[in-house]
Amino acid sequence: MKATAHDFKNAASKALKDDNLRQALHRVETGFAGNRAAAISRLPEFHDLRDEGVAIKMHVLDHLDYYLERFEQKVIETGGQVHWCTTPKEARDTILELCRSVDAKTCTKGKSMIAEEIALNPFLEENGVLPIETDLGEYIIQLADEPPSHIIGPAVHKTKDQISDLFFEHHQKYGKTERQSDGRMLVNEAREILRQKYIDADVGITGANFLIAETGSTVIVTNEGNGDLTQSLPKMHIVIASLEKVIPTMEDASTILRLLARSATGQEFSVYTTFSTGPRRDDDLDGPGSFHVVLLDNGRSKLAGSEDRELLRCIRCGACMNHCPVYHAVGGHAYGWVYPGPIGAALDPHFIGIEEARHLPNASTFCGRCEDVCPMRIPLPSILRRWRERAFESNVTPPAERFGVGAWAWLAKHPAFYRVGTRLAVRGLSLLGGRRKRIAKLPLAGGWTATRDLPAPAGQTFQDQWRRQRGRSA
Amino acid sequence: MADSPVNVGLFVTCLVDLFRPSVGFATVKLLEDAGCIVHVPDTQTCCGQPAYNSGSRNDAKDLGRNVIAAFQDFDYVVAPSGSCAAMIREHYPRLFADDPAMADKAKRVADKTFELTSFLADVRKVTSVGAKFNAVAAYHDSCSGLRELGVREQPRYLLASVEGLEVKDLEKGDACCGFGGTFCVKYPEISDEMVTRKTSDITATGADTVLAGDLGCLMNIAGKLKRDGSNIAVRHVAEVLAGDDGTPPIAGGER
């Protein structure tokens, strides 16, 4: 996916004027966040589980090589294969080669953010393997030719009317000539069309929520069961996962699963939790003929050794974006790369560079809600602040901003000048405010005064009034 | 209510110093009523948060050193702001963690720094402020106070003792108002969307007044309400707790 994060401000501006988007985003704020709060209130040990989850992930990050090698060994023992890929290109090439090895014409795909990260779909399509998304949200945005705008609700930016239009446009070729507007009818129509795709597909590609080292199993959670059909019907099952998804045991998976759905959708558990261990065995009724795990690094082993390593605890629940007022305002596409919301603002610069992603860590009020709701207690505001420091140190921060901060800091470091400067400023602003005590237009504060009045100061600083009333010694 | 006098350094905050001195005087009254001797060091300026949050760590440290030097000798440091108090209490220790000469001093000042309402309710155990204020007020929790310092019940508890005042909670009480320091000038459109949601929430309560413990949020909310022609009065919680109904509301009272 080509990064457009540098254009965040324009994209945000457009998003704010998009009524359909605003209507759709309202559901994120009320639906996801409300459901999470209700689910957590029903589980008193939720916050203890968070601590357990954090401990599991930190232990894994300290012993990443050990658990990955153990995972590979178990995958081999159960008849599968692990492909270690350092770069997105290696991962794409590996997947294409695997597809070609079974003469694949089409492949079905479960939801995977890693597939987005390596821009898998356009690559497969260019090389003669047609990918078909089977997660309903992913299917919708594939028809719309758009990237996901949310990590668990990829089409959350679409209204029902827009989906209705998309299906009407794209499903005519399947003989669906009637425009459906009822939600259930739309789902049924997609289900009917996807059913044949599952049967026709040569390869099924899924992501993974966990890779379990003790058994070599990969785990996905879905609400539609699309993952199960994707991975069991075709000849080959390819799992694409980033390396920090590994955890030691089944027990660990069960601990983190108790956090995942509650944090994500407010469900106690996703409707389907699917464990895949190797290809079909002789006495299995169904299952893929071969089983491959494409393990992507893409900078993560370096990240694991950096001060931002806590980012690798992320279990991709989406709670941070579901609770982010900036995400609520502009939606996911404005962020301009794969991962939106607070986790994206903290993570994306690692992939696309701080110069490209400069706005993302800055477009936050540090309100702290993301850290508050993160099941893995990732200190997102602190990581965003570190990006601001790196941007400042490497001169990525724009000159005007550097000058403004520098000037204020200089004044504040010189209390005598500060007193005189603030005394004059306060007097001037107070005169501008006049009897109404507010300022409707002020040079250099145009961003504020375009939509808000600036409350005017009283005319004298507190310090001056205090000294006058109580004398210098008080 | 209070046993022995304690020496409190008032960190008045730059916004209060410049824009709303009445909050400073209300704070002094509340602290003195709670048995404190209030000191206002004249070398204080800014806590350094704008620099810290803009990535200018060295400027933030310089300003932090200034605050620590000005306030280290008091029993307590109190600020009428969750945001500035959190900067000193939560972030100074992190800022100076790798600076052996400063780490201990920063920690000591951090541990004795409090946001005003939490100092009154939690430290000085104030149960009633003996004030009168006729209003129906919606209360906005500022993000730093709420999430970094756990300030939520303290202002409500103290406001409950104000005669004539009814306090209403917002439907989305934990949502940010969109001020965010320099955020509101760097991303004004997003900030405006956030404050618009906040003022709609405030208006929906039917309150005639909105209160909060941070002047940044209040100036943002007042600026939006007034631009939209609202009559809702905007005030700092300290003013109401001190019974100051003589000072005109933030951004004026009239439309």
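The values are calculated or read from the model by the stated rules, or taken from the named source; none is laboratory data. If you're wondering where the values come from, they're calculated on a predicted model, not measured in any experiment. Don't worry about glycine lacking a Cβ; one is built from the backbone with ideal geometry, like all the others, and counts go over all protein chains shown.
Results, tabulated for the structure shown:
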| item | result |
| --- | --- |
| Residue tally, condition without any contact (Cβ under 8 Å) to a residue 12 or more places away in the chain and outside any helix (DSSP H, G or I), over the range A:163-209 | 4 |
| Residue tally, condition surrounded by 18 or more Cβ atoms within 10 Å (Cβ to Cβ) and farther than 30 Å from B:P155 by Cα, over the range B:79-111 | 2 |
| Lone unmet requirement of (1) surrounded by fewer than 24 Cβ atoms within 10 Å (Cβ to Cβ); (2) within 9 Å of chain A (Cβ to nearest Cβ); (3) of a type in the set (K, R); (4) touching a strand residue (DSSP E or B) at 6+ places or on another chain (Cβ under 6 Å) for B:R147 | (4) |
| Some residue of the range B:194-209 being at pLDDT 95 or above, more than 14 Å from B:L170 (Cβ to Cβ), of a type in the set (K, R) and crowded, with 24+ Cβ neighbours inside 10 Å | no |
| Selection from the range B:156-185 of residues that are surrounded by fewer than 19 Cβ atoms within 10 Å (Cβ to Cβ), under 30 Å from A:R388 (Cα atoms) and without any contact (Cβ under 8 Å) to a residue 12 or more places away in the chain | B:V185 |
| Any hit, the range B:162-173, residues being within 19 Å of B:A238 (Cβ to Cβ), more than 14 Å from chain A (Cβ to nearest Cβ), out of contact with any Phe, Trp or Tyr (no Cβ under 7 Å at 6 or more places or on another chain) and aliphatic (A, V, I, L, M) | no |
| Selection from the range B:30-64 of residues that are facing chain A (nearest Cβ under 7 Å) and either touching a residue at least 40 places away in the same chain (Cβ under 8 Å) or of a type in the set (F, W, Y) (or both) | B:P50, B:N53, B:S54 |
| Filter result (more than 12 Å from chain A (Cβ to nearest Cβ), crowded, with 19+ Cβ neighbours inside 10 Å and part of a loop (DSSP other than H, G, I, E, B)) within the range B:125-144 | B:V126, B:V129, B:A131 |
| Boolean, A:T134 is of a type in the set (V, I, T), touching a helix residue (DSSP H, G or I) at 6+ places or on another chain (Cβ under 7 Å) and surrounded by fewer than 22 Cβ atoms within 10 Å (Cβ to Cβ) | no |
| Index of the failed condition, A:G266 passing every other in (1) farther than 28 Å from A:G79 by Cα; (2) surrounded by fewer than 19 Cβ atoms within 10 Å (Cβ to Cβ) | (2) |
| Matching residues in the range A:442-458 - criterion: being modelled with pLDDT of 90 or more and not hydroxyl-bearing (S, T, Y) | A:W448, A:A450, A:R452, A:D453, A:L454, A:P455, A:A456, A:P457 |
| From B:V234, B:V185, B:V240, residue being outside any loop (DSSP other than H, G, I, E, B) and more than 12 Å from chain A (Cβ to nearest Cβ) | B:V240 |
| Condition met for B:E153 (more than 18 Å from the chain's Cα centre (by Cα), more than 12 Å from chain A (Cβ to nearest Cβ), surrounded by fewer than 18 Cβ atoms within 10 Å (Cβ to Cβ) and at pLDDT 95 or above) | no |
| Those residues of the range B:211-231 which are within 16 Å of B:C143 (Cβ to Cβ) and outside any helix (DSSP H, G or I), in sequence order | B:L211, B:A212, B:G213, B:D214 |
| Residue match in the range A:453-460 (condition: at the interface with chain B (Cβ under 9 Å from one of its Cβ atoms) and more than 14 Å from B:L18 (Cα to Cα)) | yes |
| Selection status of A:F403, among the aromatic types (F, W, Y), more than 7 Å from chain B (Cβ to nearest Cβ) and not in a strand (DSSP E or B) | yes |
| Residue in the range A:63-72 that is out of contact with any Gly (no Cβ under 9 Å at 6 or more places or on another chain) and crowded, with 20+ Cβ neighbours inside 10 Å present | yes |
| Which numbered condition A:R390 fails, given (1) within 20 Å of A:R313 (Cα to Cα); (2) in a helix (DSSP H, G or I); (3) among the charged types (D, E, K, R) | (1) |
| Matching option when the condition is within 15 Å of B:I250 (Cα to Cα) and of a type outside the set (S, T, N, Q), among A:D453, A:D464 | A:D453 |
| Among (1) within 9 Å of another protein chain (Cβ to nearest Cβ); (2) in contact with a strand residue (DSSP E or B) (Cβ under 8 Å, 6 or more places away or on another chain); (3) hydroxyl-bearing (S, T, Y) - the single one B:T27 does not satisfy | (1) |
| Hey, B:T199 more than 9 Å from every other protein chain (Cβ to nearest Cβ), in contact (Cβ under 8 Å) with a residue 24 or more places away in the chain, among the polar types (S, T, N, Q) and touching a helix residue (DSSP H, G or I) at 6+ places or on another chain (Cβ under 8 Å) or not | yes |
| Top-ranked residue in the range A:408-445 [being under 37 Å from the mean Cα position of the chain (by Cα) and more than 23 Å from B:P41 (Cβ to Cβ); ranked as nearest to the other protein chains (Cβ to nearest Cβ)] | A:A445 |
| Those strands (runs of 3 or more DSSP E) lying entirely in the range B:1-112 with at least 3 residues in contact with a helix residue (DSSP H, G or I) (Cβ under 7 Å, 6 or more places away or on another chain) | B:6-10, B:76-79 |
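For (1) surrounded by fewer than 18 Cβ atoms within 10 Å (Cβ to Cβ); (2) farther than 30 Å from A:D202 by Cβ; (3) away from chain B (no Cβ under 14 Å), each residue gets a yes or a no:
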{"position": "A:S232", "(1), (2), (3)": "no, no, yes"}
{"position": "A:M236", "(1), (2), (3)": "no, no, yes"}
{"position": "A:P279", "(1), (2), (3)": "no, no, yes"}
{"position": "A:L285", "(1), (2), (3)": "yes, no, yes"}
{"position": "A:G305", "(1), (2), (3)": "yes, yes, yes"}
{"position": "A:H323", "(1), (2), (3)": "no, yes, no"}
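Residues are listed down the side, and each one gets a yes or a no for (1) aromatic (F, W, Y); (2) more than 9 Å from chain B (Cβ to nearest Cβ); (3) assigned to a helix (DSSP H, G or I):
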site	(1), (2), (3)
A:F366	yes, no, no
A:E371	no, no, yes
A:S382	no, no, yes
A:R385	no, no, yes
A:T397	no, no, no
